[in-house]
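Working notes, structure below.
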Amino acid sequence: DVKVTQSSRYLVKRTGEKVFLECVQDMDHENMFWYRQDPGLGLRLIYFSYDVKMKEKGDIPEGYSVSREKKERFSLILESASTNQTSMYLCASNGGTDQPQHFGDGTRLSIL
Amino acid sequence: QKEVEQDPGPLSVPEGAIVSLNCTYSNSAFQYFMWYRQYSRKGPELLMYTYSSGNKEDGRFTAQVDKSSKYISLFIRDSQPSDSATYLCAMGAYSSASKIIFGSGTRLSIRP
């Protein structure tokens, strides 16, 4: 089974802090994704990566950056956290363009 | 108009009933289709994946795709309280660099 592991289930940070969310997958997948999920807005794509050191903006990249230094690891960075970034963050991976994405259990991030 | 429309529910049915969950879409470029189940405070879990029109069955679950009508369905037979969750439809196009579009999810509750 595909395993996507997010480093924290719950995280509380303060406004202005730099926040790192980590994601690791164990299936040698080329593609990795970061989403946020909010009530009434569904899943929205922040960034994705199709190879090491490669990244593409999703639908809502503002205020975020990403890093992929190794194939199995994809990090989401909130450069200066703001309260409107309080959300559930989900990492996913897949092995190719037409393959389904597999998700981690999410990080519930609160910015105070 | 959203690319993918899904009734948010909530939908409440008695145990043992047949459940029908539906999504419509507007982009004829979508070529593969997925259903995910998401329990509270967990990440989405892949239930069904298909890329052709017609039916695909897996245990108590049947996914149906009608590309001519741009309509997909998930049927759950002999529904159980453990099926209570939010169900997300998702779809993608081979040309879209692995990006997939999610419905907003239908919250389902199975009454014992």
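Of note, A:ALA92 does not satisfy the criterion of being surrounded by 19 or more Cβ atoms within 10 Å (Cβ to Cβ) and part of a loop (DSSP other than H, G, I, E, B). Filtering the range B:73-84 for residues that are at pLDDT 95 or above, open to solvent by less than 30 Å² (accessible area, probe 1.4 Å), on the phi < 0 side of the Ramachandran plot and touching an Asp or Glu at 6+ places or on another chain (Cβ under 7 Å) leaves a non-empty set. Inside the range B:13-56, residues that are open to solvent by 60 Å² or more (accessible area, probe 1.4 Å) and closer than 17 Å to B:GLN80 by Cβ make up a count of 6. Contact map, the range B:22-44: residues that are over 17 Å from A:ARG44 (Cα atoms) and at pLDDT 95 or above paired with residues that are part of a loop (DSSP other than H, G, I, E, B) and open to solvent by less than 40 Å² (accessible area, probe 1.4 Å), Cβ distance under 6 Å, separation 6+ or inter-chain. Pairs shown: B:CYS23/B:GLY103.
Counted as qualifying within the range B:9-112 are the strands (runs of 3 or more DSSP E) with 1 or more residues that are within 14 Å of the chain's Cα centre (by Cα) and away from chain A (no Cβ under 13 Å), namely B:11-14, B:19-25, B:54-58, B:61-66, B:71-76, B:85-92, B:106-111.
All conditions but one from (1) open to solvent by 40 Å² or more (accessible area, probe 1.4 Å); (2) at pLDDT 95 or above; (3) over 30 Å from A:LEU11 (Cα atoms); (4) polar (S, T, N, Q) apply to B:SER68; the one that does not is (2).
The values are calculated or read from the model by the stated rules, or taken from the named source; none is laboratory data. In this text, all values refer to a predicted model and were calculated from it rather than measured experimentally. Every residue, glycine as well, gets a Cβ built from its backbone with ideal geometry; the counts of neighbours run over all protein chains shown. Areas reflect the complete protein model, heavy atoms only, side chains present, ligands, DNA and RNA absent. Shrake-Rupley method; radii C 1.70, N 1.55, O 1.52, S 1.80 Å.
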